[in-house]
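The values are calculated or read from the model by the stated rules, or taken from the named source; none is laboratory data. Only a predicted model underlies this, so the values are computations on that prediction, with no experimental measurement involved. Cβ placement follows ideal geometry from the backbone for every residue including glycine, while neighbour counts extend to all protein chains displayed.
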Amino acid sequence: MKNEDYSADDIRSWIDDDSSVPSADLFETARQVRKQHCGDVVYLRGLIEISNQCSCNCLYCGLRHSNENLSRYIMSREEITDAAKLVAEYGIKTVVMQSGESPLISAELIEDSICAIKELGDIAVTLSLGERNFADYDLWLKAGADRYLLKHETANKILYRKLHPGASLDERLDHLHYLKSAGYQTGTGNIIGVPGQTTDDIVNDILLCEALEADMISISPFMPSGNTPFSKVQPADADLTLRVIAAARIYLRDVHMPATTALATLLPDGREAGLKAGANVIMPSFTPLQYKTEYLIYDNKICLNEEARRCLTSLDLTLGSLGYHVSGERGDSPKLAIR
Ligand code: SAH
């Protein structure tokens, strides 16, 4: 539903460098909106980074095709299922399969893995595999997939072209529209702090999320990655990132929003800060250790050398100390109830 209470100017006034709204007030409002539209619980999503194969060359991303310093892997159906079993054992009711975008990752591997995960119980499956054939999306939906995460990255067409050689925003949006119409709960989102991005671009990112009626929004800070053209670029400003999360919460209301791993890498208490700014989802990694160290989207990613168990223990402590209750539900889109 279109937001009739606020305008693009309001969003701009919340995230402008010289905003008159103190961050603490903005975050407080965001928490109230979250409580009203999503409840006061945190949803966990078990992330399995199934492959770092990628044929794209996004300027910011460590998985880019031209990066020859990664050893490339594709997890087998058995490895994916084993990781998903661990997710289920933790009582987490969503598995996210994420990868680079590559034809080497077969549609059948994904289909088989979805079927195997669905046999583990009432577990929602989110896919985040980049742009694929529409027939693949149909196949996976039939196999039981529930959600698809495909970030628009930036709503600025010209910037999009610069960041993604050979790709276009229009193409990305075609995929997002198709996913939505096919029946996926869809997620999108942006990166804060890429070179060339303006405040107006970020305002337009939030408006685009509204126009797409996105169910999930991921707002992550840019983090430099070695072996990319942006390796020497400064990381995003943490306060700006948090203000954009809060602005997105206040404006978009009933969306699921993660406190991302990138935010937790930028700030030692990034997950906590993200939740305090209006996020309501955390995506702990269940990628097997030997692959985790090769899924290097950006540098210094947290928990790289830790088993899921250890990461989750520290996460439990953080959430407990903040007084958040972890939901035992699947956490489908709040928009589903309205649709
Ligand atoms: N290939 C998939 C998703 C894989 S990466 C796709 O195209 O959708 C998941 C997300 O990581 C991307 O959507 C992007 O927003 C984010 N990302 C990539 N490089 C990053 C960087 N250097 N800093 C912050 N986020 C980054």
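Here are the numbers for the structure shown:
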item	result
For residue 251: the one exception among (1) part of a helix (DSSP H, G or I); (2) under 25 Å from residue 75 (Cβ atoms)	(2)
Matching residues, the range 296-339, being out of contact with any Ser or Thr (no Cβ under 8 Å at 6 or more places or on another chain) and in a loop (DSSP other than H, G, I, E, B)	306, 307, 323, 324, 327, 328, 329, 332, 333, 339
Residue check for residue 277: in contact with a Phe, Trp or Tyr (Cβ under 6 Å, 6 or more places away or on another chain), of a type in the set (A, V, I, L, M, F, W, C), farther than 23 Å from residue 219 by Cβ and buried (at least 21 other Cβ atoms within 10 Å of the Cβ)	no
Per-region count, the range 105-127, residues of a type in the set (S, T, N, Q), over 18 Å from residue 288 (Cβ atoms) and either more than 16 Å from the ligand (Cβ to nearest atom) or touching a residue at least 40 places away in the same chain (Cβ under 8 Å) (or both)	1
Spans of helices (runs of 4 or more DSSP H) in the range 153-232 with at least 3 residues touching a residue at least 12 places away in the same chain (Cβ under 8 Å) and buried (at least 22 other Cβ atoms within 10 Å of the Cβ)	199-211
The range 105-121, residues that are part of a helix (DSSP H, G or I) and charged (D, E, K, R)	108, 111, 112, 118
Residue within the range 7-19 that is touching a Phe, Trp or Tyr at 6+ places or on another chain (Cβ under 6 Å) and of a type in the set (Ser, Thr, Tyr) present	no
Output for the range 29-85, where each listed residue is of a type in the set (A, V, I, L, M) and within 19 Å of residue 132 (Cα to Cα)	48, 50, 63, 74, 75
Exclusive hit being over 24 Å from residue 70 (Cβ atoms) and hydrophobic (A, V, I, L, M, F, W, C), set 277, 308, 264	277
Subset tally (residues that are within 21 Å of residue 124 (Cα to Cα) and touching a helix residue (DSSP H, G or I) at 6+ places or on another chain (Cβ under 7 Å)) for the range 297-339	3
Yes/no for residue 263 being within 16 Å of the ligand (Cβ to nearest atom), without any contact (Cβ under 8 Å) to a residue 40 or more places away in the chain and either among the hydrophobic types (A, V, I, L, M, F, W, C) or in a loop (DSSP other than H, G, I, E, B) (or both)	no
Members of the range 1-29 that are among the aliphatic types (A, V, I, L, M) and within 21 Å of residue 198 (Cα to Cα)	8, 11, 15, 21, 26
Test: residue 259 is closer than 14 Å to residue 189 by Cα and surrounded by 21 or more Cβ atoms within 10 Å (Cβ to Cβ)	yes
Residue in the range 128-153 that is nearest to residue 174 (Cα to Cα), counting only those that are within 15 Å of the ligand (Cβ to nearest atom) and over 14 Å from the mean Cα position of the chain (by Cα)	131
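This table checks each residue for (1) within 13 Å of the ligand (Cβ to nearest atom); (2) farther than 18 Å from residue 147 by Cβ; (3) aromatic (Phe, Trp, Tyr); (4) at pLDDT 95 or above.
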{"position": "162", "(1), (2), (3), (4)": "no, yes, no, yes"}
{"position": "167", "(1), (2), (3), (4)": "yes, yes, no, yes"}
{"position": "176", "(1), (2), (3), (4)": "yes, no, no, yes"}
{"position": "189", "(1), (2), (3), (4)": "yes, no, no, yes"}
{"position": "195", "(1), (2), (3), (4)": "yes, yes, no, yes"}
{"position": "199", "(1), (2), (3), (4)": "no, yes, no, yes"}
{"position": "218", "(1), (2), (3), (4)": "yes, no, no, yes"}
{"position": "241", "(1), (2), (3), (4)": "yes, yes, no, yes"}
{"position": "246", "(1), (2), (3), (4)": "no, yes, no, yes"}
